[in-house]
Amino acid sequence: MNERRWEPRIVAFVCNWCTYAGADLAGTSRIEYQPNVRLIKLPCTGRIDPHFIVKAFEQGADGVIVSGCHPGDCHYTSGNYYARRRYTIFRKLLEFLGVDPRRVQFSWVSAAEGQKWAEVVNVVTEEIRQLGPWPYRWGEGKRNGKLTVEPPPISAERSLPEYPEAQFTAPLREVARDLLERGEVGVIVGYGEGTLPEVITPLFVTQPEETDQLVWNARCVHNLSVYLTNDLVTKLGRVGLVAKGCDVKSIIGLLQENQVQREEVVILGIACAGVEVNARLAPQCLTCEVRTPTLYDHLIGPPNQQTNQSTADPRLAEIAQLEALSPEERWNYWQAQFARCLKCYACRAVCPLCYCEQCIADKTRPQWIPPSAHGPGNLSWNIFRAFHLAGRCVDCGACARVCPAHIRLDLLNLKLALEVEKSFGYIPGQDPEAAPPLTTFRPEDEQEFIR
Ligand code: FES
């Protein structure tokens, strides 16, 4: 029987001014090359959003090429430099999810390099031919994803801290009352005892006599900086915000991204020794280096000089375990995680840095992310969410804590944070004046992955 041979389907996103012209030159010069590539022309590599790649795979591509002008030649001056940074991290994300990095390839091809374009297409086509068809159905894998090795056991030095009322809750109430009485703030956003026993909830205090409801203890885990971009809160006036050192890192992120002005918030910084999650010290607290917040207007509690405990963050061991798996095992692990996603968007709701008025997940024209909670939509949503936070997430852990499906969003975020630090030497939440790493570039940024 005459069976049709499988051939790779490759989508190439190219910039108009260099690679598209180079491909055109290859054609007018009658250079022969593999016919497996479908070309999609965009103004610049700076416009080639990683979402396009996700969409290409979702719709059946076996491989993707992104190509544009050589460094220094971009017709919009620097679009390719920005793109290079984005793709440095995006490739790492795909690899961590179990995608073979050879399926997403990058090149610089100028308008004069018709021959080079033909060579790039030939080489990439052959590599993808060797790899075979895209091996997974988008958003599906074996539902057996579990890490086989447990993270290191919890040691005694991770016991929960105590916060004497006289040193924390009492001065907190006093400062809050004073700020409200003097009219310096319109609302204090802090913590209060919930209606259920042992449950701490966010508390919004607008009257001095209500400040007695404010508390501080090891259960005050929520990152309240999410309310700084909430109109219902900010319309009450200038905000006084109770913030741990890690929450202050989110505030710094909001300052960097011009979502909050420094004069709009009074920070009641807590000299924190850690908070609990499931009766254990939160993993982020094990290696916390900002026990005394780096930015505050009033410090609550004695300054805590202790930094960086001797114990390691157990999540690093989990990331190492995932990296040691085969790509297929990693894919299955993450598909099993994402299969549980309900699309409740609780992760988005608690994230201080998810402040867009309209999230890409809610857009319908075009619809980037299928809204229902099925495999393909869940995978696309979780890829986008993680990538949008790359270089911005301050590891407050809120998303993973609130996820009702217990998806390990913290591992994805942490992995990308490690990659950002390794590639660009950047740690989020430190400097309100610094440009977030994916909104800037250095001409000498790494590019060994680009042909
Ligand atoms: Fe070609 Fe910017 S115009 S990469």
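The values are calculated or read from the model by the stated rules, or taken from the named source; none is laboratory data. Only a predicted model underlies this, so the values are computations on that prediction, with no experimental measurement involved. Neighbour counts run over all protein chains shown; Cβ positions are idealised from the backbone, glycine included. Quick note on the areas: whole protein, heavy atoms, side chains included, nothing else; ligands and nucleic acids left out. Shrake-Rupley method; radii C 1.70, N 1.55, O 1.52, S 1.80 Å.
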(message) Given the criteria open to solvent by less than 40 Å² (accessible area, probe 1.4 Å) and without any contact (Cβ under 8 Å) to a residue 40 or more places away in the chain, does residue 383 qualify?
(response) no
(message) Of the conditions (1) more than 9 Å from the ligand (Cβ to nearest atom); (2) in a helix (DSSP H, G or I); (3) farther than 21 Å from residue 121 by Cβ; (4) open to solvent by 10 Å² or more (accessible area, probe 1.4 Å), residue 46 satisfies every one except a single condition; which number is it?
(response) (1)
(request) All but one of (1) part of a strand (DSSP E or B); (2) near the ligand (Cβ under 10 Å from one of its atoms); (3) among the charged types (D, E, K, R) hold for residue 38, so report the exception by its number. (result) (2)
(message) Please go through the stretch 220-230 and give me each residue that is over 10 Å from residue 193 (Cα atoms) and in contact (Cβ under 8 Å) with a residue 12 or more places away in the chain, ordered by number.
(response) 221, 222, 223, 224, 225, 226, 227, 228, 229
(request) Could you tell me which numbered condition residue 448 fails, if it satisfies all but one of (1) buried (at least 17 other Cβ atoms within 10 Å of the Cβ); (2) over 27 Å from residue 260 (Cα atoms)? (result) (1)
(message) Just to be sure before I move on: is residue 116 more than 16 Å from the ligand (Cβ to nearest atom) and either open to solvent by 10 Å² or more (accessible area, probe 1.4 Å) or out of contact with any strand residue (DSSP E or B) (no Cβ under 6 Å at 6 or more places or on another chain) (or both) in the structure I sent?
(response) no
(message) From the list 21, 83, 12, 56, exactly one residue is under 26 Å from the mean Cα position of the chain (by Cα), within 11 Å of the ligand (Cβ to nearest atom) and hydrophobic (A, V, I, L, M, F, W, C). Which is it?
(response) 83
(message) Scan the stretch 221-234 and tell me whether some residue there is surrounded by 19 or more Cβ atoms within 10 Å (Cβ to Cβ) and of a type in the set (S, T, N, Q).
(response) yes
